[in-house]
1. Nearest 10 degrees is fine. How inclined is helix 225-236 to the longest principal axis of the chain, computing both from alpha carbons?
2. As a test of the formula, what do you get for the chain when each DSSP H run with n ≥ 4 contributes -39,500 (n - 2.57) and the sum is divided by the residue count, at 222 nm and rounded to the nearest 500 deg cm²/dmol?
3. Once phi is turned into ³J(HN,Hα) by the Karplus curve 6.51 cos²θ - 1.76 cosθ + 1.60 with θ = phi - 60°, what whole-Hz value does each residue of the range 81-89 show in order, with x for glycine and proline?
4. Can you sort V239, V262 so the residue with the fewest Cβ neighbours within 10 Å comes first?
5. Please list 3J(HN,Hα) in residue order for the range 162-174, calculated via the Karplus relation 6.51 cos²θ - 1.76 cosθ + 1.60 where θ = phi - 60°; whole Hz, with x for glycine and proline.
6. Under a point-charge model restricted to the Cβ atoms of Lys and Arg (+1) and Asp and Glu (-1), what is the dipole moment magnitude of the chain relative to its Cα centre, in debye to the nearest 20?
7. Got a sec to turn the phi values of the range 186-192 into Karplus ³J(HN,Hα) couplings, 6.51 cos²θ - 1.76 cosθ + 1.60 with θ = phi - 60°, whole Hz, x for Gly and Pro?
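Here, each number is a calculation from the coordinates, and none is a lab measurement. As the structure is a prediction and not an experimental result, all values here were calculated from the model. Note that we place each Cβ from the backbone using ideal geometry, even for glycine, and neighbour counts take in every protein chain shown.
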Amino acid sequence: MSAAPTKPLLLRTLACEDTAGATPIWVMRQAGRYLPEYRELRQKAGSFLALCRDPALASEVTLQPIRRFGFDAAIIFSDILLVPDALGLELGFVDGEGPVLGRPLRTAAAVAALPSFDPARLAHLDEAIARTRAELPAATALIGFTGGAFTLACYMVDGRGGDFWQARRMLHAEPDLFQRIIDANATAIASSLAAQAAAGCDVLMVFDSWAGLAPRGREEELLLNPLRAVMAQLRAAGVAQPVIAFLRNASHLAAAAAATGVACLGVDWQSDLGALSRELGGRVALQGNLDPAVLLTDPATVAREAQRVLAAYAAPAGHVFNLGHGVDKETPVANMEALVAAVREGSGAARG
């Protein structure tokens, strides 16, 4: 796939450059179970983790939605819990439950025993990134990612997803212990992202998907300071790639998060994209924020709602079209095709 070097539309948008009305589109979980080609490869691989840990398979899964839909960015196929797994917490998947960490952090001794993060433990991810970047068109950006420090801490304490009762107990009963996990995670996140950047990622993203669980009044210590630490460590390491931060259900922190050094804030579907773009437009780009449930409707509804999102964005530049959360596995392929077509056809008009 040889092409003249082109600065990807996503990178120009993240820099809030004038893109002549063009709005880039990619979607969270764009590679996944709603695609028949993914389901076929997943069956051959035998497990989700087998896909993640095989560089050739992870690269192939990453490329599948690019071939089918022509998104403006690919996001490397991986999982946020690979970082805790690399820290020795033993990631596995249980039928009907999803991801489970076999060695959750429930005691001070367990936290003290956490090793330093070694990016070599995720060498398969770096190889998948290099393979994918070599196959992608020059105009298609490649995104690497990790979980956010708070979200990872919730999983690391509870050992699985859900309401995170154990993590919430610890952050109230043993705040210093929980903070030690947060601090260790920030260092691991920065190290993992730096390795992904070196392997070929054009953009980096931090998914703090459970940010909304942080108690009011403690967001500084649990969400914002860790994000600042990640950004400081990345820049100190010479990593210049733009960073997207997605603090789901925490739009009240948008102005503070925008001041951490990130290039873009992900906006969940329950937040007001128009209001945020009026407040922050020009300072940072914004990414979002179609309700993923819209993709379970029909092509006409998808097109109408996509236009609504495009029209809501009020700043002159800096809008990355995305969902407000990940694609549902029951999403019809025809609806995703309709979404891409609607954004391609409507973004110029919506900016006019």
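1. Helix 225-236 sits at roughly 80 degrees to that axis.
2. My calculation for the chain gives -13500 deg cm²/dmol from helical runs alone.
3. Taking θ as phi minus 60°, the curve returns 7, 5, 5, x, 4, 5, 8, x, 8 Hz for the range 81-89.
4. Exposure proxy ranking, most exposed first: V239, V262.
5. Residue by residue, the range 162-174 yields x, 8, 6, 4, 5, 5, 5, 4, 5, 5, 8, 7, 9 Hz.
6. In total the dipole reaches around 260 debye.
7. Couplings: 4, 5, 5, 4, 4, 5, 5 Hz.
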